[in-house]
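Working notes, beginning with the structure itself.
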Amino acid sequence: MRFDLTDMRLFLTVVECGSLTQGARATHLALASVSERIAGMERALGAPLLERNRRGVRATAAGEALVRHARSILGQVEQMRGELRTYATGLKGRIRLLSNTAALAAFLPPQLSRFLAAYPDLSIDLEERPSSDIVQALAEGRADLGIVADITDLASLQTHLIVQDQLVVVASRSHRAASQASVAFADILDEAFVGLADTALETHLAERASRLGRQLYYRIHMRSIEHVGMLVEAGIGISILSAATAKTLRRRSLAILPLSEPWAARRLHLCARDFAALTPHASLLAQQLIDGAEQWLRAASAST
């Protein structure tokens, strides 16, 4: 069985388009050529890869297996090309790091500053993503490392606990709960909420509300934590955020109150598909983050 990279890219395109015709158009090949290439792959494999119907095509069980392997192989090829390109531009290593909002707000900036200062030949591609997206990207080999909250299923990854966090309610100083030491989740479910674009957290809160036979009412979702603070300060609604994220809001007219439920204590994990298989420079960053976690926790405790 011999498939080349062009065959795999072509097959993925056809599956994603759901049509031989659309796949041929997307790859700028003749329809007959596309059909012949896929037929050749099926002959080499000895099993059909596509089911054809009136609305197009879809992958068979063998085709789905090929999709998974092709994505992994092509992802590794792109990673190799990217790393080799960094040598051509004078860089000696590039690390792909994904982070959820909570870690990016407080934990990561000082850690990355120290790491990049210590290793001037290394660079980091940093992207903020919801925890659920990060887990999927790591499992598919599209990133080296990720930091996620434990409200996401981490069974497919290797993990290191690096940060403990707390969910808090952010409200204006004029809000009825502003003078309380903590807030019960059930007591604020009738409030209007200002949401932050964090899919994993929102899903977690919705699940907790459903257990009480309730649901959250979001007046608006914002992508920027500063904009969330601005709307909460204006009395548009309240918000539930991680404590690490909320600490970046330095507005005097905001009250930040911990949720009183035990489930509101979250843990953030550094994750990889396989720490032993990381590139040497990604391993250096992983060790920096693991070593820096204890120091960060001490500093966070001292400031509270």
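For the chain, what does the relative contact order come out to in percent, with C-alpha contacts under 8 Å and a separation of six or more?
Taking the mean separation of contacting Cα pairs over the length of the chain, I get 20 percent.
For the range 139-234, state the semi-axes of the equivalent ellipsoid (square roots of 5 times the eigenvalues of the alpha-carbon gyration tensor), sorted largest first and rounded to whole angstrom.
Over the Cα atoms of the range 139-234, the semi-axes work out to 28, 16, 14 Å.
Counting only residues 5 or more places away or on other chains, whose amide H sits under 5 Å from the amide H of Tyr218 once H atoms are built in the peptide plane?
Phe193
Could you go through the range 50-57 in sequence order and give the Karplus-derived ³J(HN,Hα) for each residue, using 6.51 cos²θ - 1.76 cosθ + 1.60 with θ = phi - 60°, rounded to whole Hz, and x for Gly and Pro?
Whole-Hz 3J(HN,Hα) from phi for the range 50-57: 10, 9, 9, 9, 5, 9, x, 9.
Using the crude model of +1 on Lys and Arg Cβ and -1 on Asp and Glu Cβ, and no other charge, please compute the dipole size for the chain relative to its Cα centre, in debye to 20.
440
State the label only: which of (i) 1.27; (ii) 1.23; (iii) 0.98 corresponds to Cα Rg over 2.2 N^0.38 Å computed from the shown model?
Among (i) 1.27; (ii) 1.23; (iii) 0.98, the one derived from this structure is (ii).
Restricting to bridges with both residues inside the chain, how much of the DSSP beta-bridge set is antiparallel, in percent to the nearest 5?
Within the chain, antiparallel bridges account for around 60 percent of the total.
Values quoted throughout were computed directly from the atomic coordinates according to the rules given, and no laboratory measurement underlies them. Every value quoted in this text rests on a predicted model; they were computed, and no experiment measured them. Neighbour counts are summed over all protein chains in view; Cβ atoms, including those assigned to glycine, are modelled from backbone coordinates with ideal geometry.
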